[in-house]
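First comes the structure, then the notes that go with it.
Laboratory data are not the source of any read-out in this text; all were calculated from the coordinates shown. What you are looking at is a predicted structure, and each value in this text was computed from that prediction instead of being measured. Virtual Cβ from ideal backbone geometry, glycine too; neighbours counted across all protein chains shown.
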């Protein structure tokens, strides 16, 4: 699968990196962050450095959703950290409690998708968020495909959308349709996640992509703005370059 030319990121003047230099970090427009009245983040695991970084730029309410992070998760996390001699991670659960005890910062133990059992839809989340600009970040290991239509429906609410897209070789048509319908936004950054595999054509199977709404796009004449802001997710593996149609 060679990516369409239309997916190639455009250069913008205020591109910044938010989060770590590696897995969990994304590039986006600073103006889009500053305009936001709330950060909605899907996928937490044991890393909230993106959310911490975001709050240093704009102090807004933060809603994180991850049904898998609970007391059992932290018990297993502690044991694995001890056995693997990752002693710096033994207090991670305390760091978690400290971060999510901040006013306005909330972890919802709900699964993104449908309004049933312990699940919740994007529609319901947006309705509960009230008015204002909603900055959206999504990393839910394939669950993103359940909410693509809802993202398109509410696209004008999002100054920026950051997301990880999985198994793109299996969902090529759905992704093409989604990006086509997200006409109010442009791609400003894309990275191949080298924790994932490669397609027979050599492209990454997992990509991280940043969409920014057109009213925040400030084109830059400088080429490769993102070059110095992009790092491999897995430092032990070679990068996976992205190939676009000519």
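Hey, what D do you get for region 49-99 in µm²/s if you plug the Kirkwood alpha-carbon radius into Stokes-Einstein at 20 °C and 1.002 mPa s? My calculation gives 171 µm²/s for D. The translational diffusion coefficient of region 22-152, from Stokes-Einstein at 10 °C and 1.306 mPa s with a Kirkwood hydrodynamic radius over alpha carbon pairs, comes to 100 µm²/s. By the Stokes-Einstein formula, at 0.890 mPa s and 25 °C, region 142-194 with its Kirkwood radius over alpha-carbon pairs has D equal to 207 µm²/s. Please check which bits of region 63-77 a label hung off residue 150 would reach, taking the label as a point 7 Å along Cα-to-C-beta and the cut-off as backbone N under 20 Å. From region 63-77, the list is 63-69.
Which whole-number percentage describes the relative contact order of the chain, with Cα contacts under 8 Å and a sequence gap of 6 or more?
Details: 451 pairs, mean separation 68.9, N = 246.
About 28 percent, as a whole number.
Summed over all non-identical Cα pairs, the Kirkwood treatment of region 146-246 gives a radius of 14.8 Å. The Cα atoms of region 78-197 define a convex hull whose projected area, averaged across directions, is 10.2 nm².
Would you calculate a helix-derived [θ] at 222 nm for the chain, using -39,500 (n - 2.57) for each DSSP H run of n ≥ 4 and dividing by the full residue count, to the nearest 500?
Per the formula, -6500 deg cm²/dmol.
Which entry in [x] 13.7; [y] 14.5; [z] 17.2 is this structure's computed mean projected area of the Cα convex hull in nm²? Only one listed value fits the structure, namely [x].
How high is the FRET efficiency from residue 80 to residue 221, r the C-beta distance, R0 45 Å, rounded to 0.05? For R0 = 45 Å, the calculated efficiency reads 0.40. Here's the picture: a label point sits 7 Å out from the Cα of residue 172 along the beta-carbon direction, and within region 1-22 the residues with their amide nitrogen under 11 Å of it are 1-4.
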